[in-house]
Amino acid sequence: MSQEGEKMGELKKGLEGVEVLETKISSIDGENGILKYRGTDINDLVEYSFEAVTHLLLYEKLPNESELAAFSDQLRGSRKIDQDILDVLTTCDFNIQAMDALRTAVSYMSHCDPDLGDSSLESNLRKATGLIAKFPTVVAAFHRVRDDLDVIEPDASMSHGENFLYMLKGKKPGELEAEIVDKDFVLSAEHELNASTFSARVTASTLADIHSTVISGLSTLKGPLHAGARMCVMEMLDDISSPENAEDHVLNLISKKEKVMGFGHRVYKTHDPRDRIYKKLAKRLADHGDPKWFEIAEIIEATVQRELVEKREKPIYPNLDFYSAVTYKYIEIPETLATAMFAIGRVSGWIAHVLEQYADNRLIRPRAKTS
Ligand code: ACO
């Protein structure tokens, strides 16, 4: 090994376990299954609105009543998208996922931003509010344009989750569905240095603008090893279609050494705390509808637990994409929207990290060992 190679030390493929920066935004204890956003446990945060949690991520504190009212007004007042963006969405190939349309729309939004060259904190917070507020509008509009339906204007009297479902389906959602989608956005909002957040921070470290950092985040989030897994879980549920088929389906995947989507995690070596919350939400929906999807999911989980955790001693537990996909089946979310809905939540985490990066920046530029 060259002197430089020795100095660089052992390679950690996939950067497993490597700490590359400090953050105050969230922390994960992967051995004990604990996740906190700015010191508050996810089990407590899930009782707050998405708007309150976004305030926590961006402004470092849960808002009091007047702060929440002011911040919610800002977000709700920024939901509308321009006709230009709608025109761009109508030119997209309708076979693409909503995620691709969202990435295209963010790119276009950056062209139209009057302060594109202004990277002050004030300007960045204004851009952040606009992006977070508009994500649901873009995703819902793309879905409706693709299905040849009228685009629904946002309604500022509704929460982030309720308004998204309203714009998507064209009618006010039930209370339970609205509550669950708002919680979905809270649960997806932030997760330390996951691949897409890392991507966004690398882009920020070059001092690129905030829209570019979000496009990096979106591009990385899309893959099936990251949030794209949620769509794969929905497809798997459809393929299985009945509880009687679930065990054989999983045994077949394992015998072919294929991955069971929605399972496994780089950091958690036990249950992902978000998944345990999603499981309870999915059960609430199952109790009000056809229990089939929940029953299939429980059989998949029990089979993976028996075959991989107990027999092969691998720490392969459901991650947040597993039972969230089950909740989407109940709420009748089309599969092609699943990853984009993850992005609606995660954009607030990306932006919190990007602002943290800008505030104490050094170019992120690691080395490769030449082979
Ligand atoms: N099903 C079956 N086996 C699995 C699974 C799975 N879902 N996940 C990991 N394993 C096995 C691997 O086959 C490997 O076994 P081996 O040591 O015998 O070769 C071992 O566990 C380690 O797996 P890696 O893929 O090396 O683990 P890594 O930490 O690199 O990957 C990842 C983590 C990508 C999440 C992986 O578990 C996976 O591919 N899961 C399925 C896709 C998924 O659900 N992604 C969503 C993650 S959460 C999120 O990003 C929002």
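The values are calculated or read from the model by the stated rules, or taken from the named source; none is laboratory data. These numbers were taken from a predicted model, which means no experiment stands behind them. Positions of Cβ are generated from backbone atoms using ideal geometry, with glycine treated the same way; all protein chains shown enter the neighbour counts. Ligands, DNA and RNA are excluded from the accessible area calculation, which covers all protein heavy atoms including side chains. Shrake-Rupley method; radii C 1.70, N 1.55, O 1.52, S 1.80 Å.
Annotations
- Given (1) surrounded by fewer than 24 Cβ atoms within 10 Å (Cβ to Cβ); (2) assigned to a helix (DSSP H, G or I); (3) of a type in the set (D, E, K, R); (4) touching a Ser or Thr at 6+ places or on another chain (Cβ under 8 Å), index of the condition GLU162 fails: (4)
- Segments classed as helices (runs of 4 or more DSSP H), wholly inside region 41-121, with at least 2 members that are on the phi < 0 side of the Ramachandran plot and either outside the structural domain of HIS143 (by TED's automatic domain parsing) or more than 19 Å from the chain's Cα centre (by Cα) (or both): 65-77, 83-91, 98-112
Conditions (1) outside the structural domain of ALA101 (by TED's automatic domain parsing); (2) farther than 24 Å from SER107 by Cβ; (3) in contact with a Phe, Trp or Tyr (Cβ under 9 Å, 6 or more places away or on another chain), marked per residue:
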| residue | (1), (2), (3) |
| --- | --- |
| GLU175 | no, yes, no |
| GLU179 | no, yes, no |
| LYS183 | no, yes, yes |
| VAL186 | no, yes, yes |
| GLU190 | no, no, yes |
| ARG201 | no, no, yes |
| THR206 | no, no, no |
| HIS211 | no, no, no |
| SER216 | no, no, yes |
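- Residue match in region 216-232 (condition: over 14 Å from the mean Cα position of the chain (by Cα), of a type in the set (A, V, I, L, M) and either at positive phi or at pLDDT 95 or above (or both)): no
- Qualifying residue in region 296-308 (condition: in a helix (DSSP H, G or I), at pLDDT 95 or above and touching a Phe, Trp or Tyr at 6+ places or on another chain (Cβ under 7 Å)): yes
- Exactly one residue among ILE316, ILE364 is open to solvent by 10 Å² or more (accessible area, probe 1.4 Å), closer than 30 Å to ASP209 by Cα and assigned to a loop (DSSP other than H, G, I, E, B), and that residue is ILE364.
- All conditions in (1) open to solvent by less than 10 Å² (accessible area, probe 1.4 Å); (2) closer than 20 Å to CYS92 by Cα; (3) not β-branched (Val, Ile, Thr) hold for ASP148, with the sole exception of (1).
- Condition check for ASP44 on (1) at pLDDT below 95; (2) more than 16 Å from the ligand (Cβ to nearest atom); (3) open to solvent by 70 Å² or more (accessible area, probe 1.4 Å): one failure, at (1).
- If the condition is being more than 21 Å from GLU153 (Cα to Cα), of a type in the set (A, V, I, L, M) and at pLDDT below 95, then region 57-102 contributes only ILE96.
- Flag for ARG201 being away from the ligand (no atom under 11 Å from the Cβ), modelled with pLDDT of 95 or more and open to solvent by less than 30 Å² (accessible area, probe 1.4 Å): yes
- Subset of region 286-313 (residues that are near the ligand (Cβ under 9 Å from one of its atoms) and either open to solvent by 50 Å² or more (accessible area, probe 1.4 Å) or closer than 24 Å to PHE342 by Cβ (or both)): VAL304, ARG312
- ASN64, sole failed condition from (1) open to solvent by 40 Å² or more (accessible area, probe 1.4 Å); (2) in contact (Cβ under 8 Å) with a residue 24 or more places away in the chain: (2)
- Tallying residues that are of a type in the set (A, V, I, L, M, F, W, C) and not in a loop (DSSP other than H, G, I, E, B) within region 145-159 yields 1.
- A single member of SER188, SER216 is within 16 Å of the ligand (Cβ to nearest atom), out of contact with any Cys (no Cβ under 9 Å at 6 or more places or on another chain) and open to solvent by 10 Å² or more (accessible area, probe 1.4 Å), and it is SER216.
- The lone exception for VAL233 - which of (1) more than 9 Å from the ligand (Cβ to nearest atom); (2) part of a helix (DSSP H, G or I); (3) of a type in the set (Val, Ile, Thr); (4) in contact with an Asp or Glu (Cβ under 8 Å, 6 or more places away or on another chain) it fails: (1)
- Residue in region 319-355 that is farthest from the ligand (Cβ to nearest atom), counting only those that are touching a strand residue (DSSP E or B) at 6+ places or on another chain (Cβ under 8 Å) and open to solvent by less than 10 Å² (accessible area, probe 1.4 Å): GLY349
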